[in-house]
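We did not get these values from a lab; they are worked out from the coordinates using the rules stated. Everything numeric here is computed off the predicted structure, so don't read it as measured data. Methodologically, a virtual Cβ is constructed for each residue, glycine included, from the backbone with ideal geometry; neighbour enumeration extends over all protein chains shown.
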Amino acid sequence: MPMIPPPRFRQVTAALVLALLLCRSEAAPAQVLFAGVRAGMTAEQVLAAVPGAGVPAEPRHLQGGDEERVSIEGLRLGGHEFVGRVYYRDDQLSQLMLDLVRRDLPPTQALAAYDAVLAAMTARHGTPSRQQDFLDDPLAPEREARWRSPDADIVLLYLGNGDGRGRFLSLLNVVFRPLPADR
C-alpha cells in the first residue's frame, strides 16, 4: 500500500516548489522584443549583439524625451523591410520601434503590408487584445492592433495620408515597449 505524506509535508513541498518556480522565473533572461533586442539591454549590448545595428547619424527624439541610440537596418517582418530604432530614457531601454522603409505606398498597398505584418504578429503573439480600423477617409486611413505580453506592450499602427493628387505618406510602425519589472 503506497504511503500518503502527511498534510503538513504536502504544504511544505508545495511551498518549496512554488518558491523554486518564482526564483527560476526571476532569473530567466529578459524577453526578446524583436530581432535579438531584449528588454533591459544597454545600447552597447544591442550594438554588440544585433546584426545591422549601428549608432544613428542623427538620433531622433520622442516627445517624452526618449532618445534613439541604436538603429538597426535590414529587419524583415511580414515580407516587408523595416528599420529598427531603439530608444532610451535615463539609460533604460524604453522602446523598440520598427518603421516600414517604404513610406510612399498608396493605401491599398500599405493596408496589404499592414495585413501581412498583422498576420506575422498574430502568429507570434496570438490574437490582438484590441484592434481598431478607421478607413472611412480614403486619404487618411488608420489601423491599429495591440498585444500585451507578460513583459511588453506591442502596438502595430498604420497611418496613411494622401494629398489628393496621387502622392501618399504611409507610416507603418510596430512598437515594443518593455513593461517595468516592478509593475
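Between L33 and residues 5 or more places away or on another chain, which pairs have amide H atoms under 5 Å apart, with H built 1.01 Å from N, and which residues are they?
Correct list: R38, A39.
Using R₀ = 25 Å, calculate the FRET efficiency as 1/(1 + (r/R₀)^6) where r is the Cβ-Cβ separation of Q45 and V101; round to 0.05. Spell out each step's value before the answer.
Working: r = 25 Å, r/R0 = 1.00.
Here the calculated transfer efficiency is 0.50.
Out of the trypsin sites (Lys or Arg not before Pro) in segment 67-109, which ones are loop residues according to DSSP with at most 14 other C-beta atoms within 10 Å? The partial results should precede the final answer.
Details: sites: R69, R76, R85, R89, R102, R103; in loops: R102, R103.
In loop regions of segment 67-109 (DSSP not H, G, I, E or B), the sparsely surrounded trypsin sites (Lys or Arg not before Pro) are R102, R103.
Would you kindly derive the ³J(HN,Hα) couplings of segment 32-37 from the backbone phi angles with the Karplus curve 6.51 cos²θ - 1.76 cosθ + 1.60 (θ = phi - 60°), listing them in order in whole Hz, with x for Gly and Pro?
Couplings: 6, 6, 5, 6, x, 7 Hz.
Counting Lys and Arg as +1 and Asp and Glu as -1, what is the net charge of the other residues whose Cβ lies under 13 Å from the Cβ of Q132?
-1
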